[in-house]
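Asks: Structure in structure tokens, see below.
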Amino acid sequence: MNQLEIKKDDLLTVVEDKSLGELIKPLVNEIHLFDTVIAGTSYIEDETLYDRLEKDEKLILQREDNKFDSKAILILNQDKKKLGYVPERDNMVFSRLMDARKLLIAKVISVRNKDGFYRVHIGIYLVDY
């Protein structure tokens, strides 16, 4: 009778040969949930952050302790610079998912600058493993 044996050394060899990200990547599924715009762009001092955004660029979503909105979700670029917020009208379900330790990200759909006002359209995704 054949038996499957898992050897600790063999497992460590596999992990050492590939980064953790490479091992998990084939298992990641990004589920598109919703499209919206980034709120609060007019309050960001460094507007060049928006000029550098590229289509499909991944953005970080992070819950924020905020006295004005208990469901506030901060949006950051990959350098962890603040871009704004998920609009309050849209953040109820997403804040609940994040509070339940679900990983959400955003991706840039488009960036428009009209008369010095930036309108950044994003898609929100649930990252599922």
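FYI, it's all coordinate maths here, none of it is from the lab. All figures in this text were calculated on a predicted structure; none of them were measured in a lab. Using ideal geometry, Cβ is built from the backbone for each residue, glycine included, and neighbour counts are taken over all protein chains shown.
Asks: Can you give the extra length, in nm with one decimal, that the chain gains between residue 51 and residue 121 once fully stretched, where that is 0.36 nm per residue apart less the Cα-Cα distance?
Replies: 23.9 nm
Asks: Okay, next question. Give me 109, 124 sorted ascending by neighbouring Cβ count inside 10 Å, so fewest comes first.
Replies: Starting with the residue having the fewest Cβ neighbours, the order is 109, 124.
Asks: Looking at this model, which pairs from 55/102; 58/82; 58/114; 82/102; 71/102 are more than 19 angstrom apart at the alpha-carbon?
Replies: Exceeds cut-off: 55/102; 58/114; 82/102.
Asks: What's the exposure ranking of 28, 120, 86, 111, going from fewest to most Cβ atoms within 10 Å?
Replies: With the fewest neighbours first, 28, 120, 86, 111 line up as 28, 111, 120, 86.
Asks: Classify the range 27-128 from the C-alpha gyration tensor, please: rounded if a/c falls under 1.5, else prolate or oblate depending on whether a/b exceeds b/c.
Replies: The shape class here is oblate.
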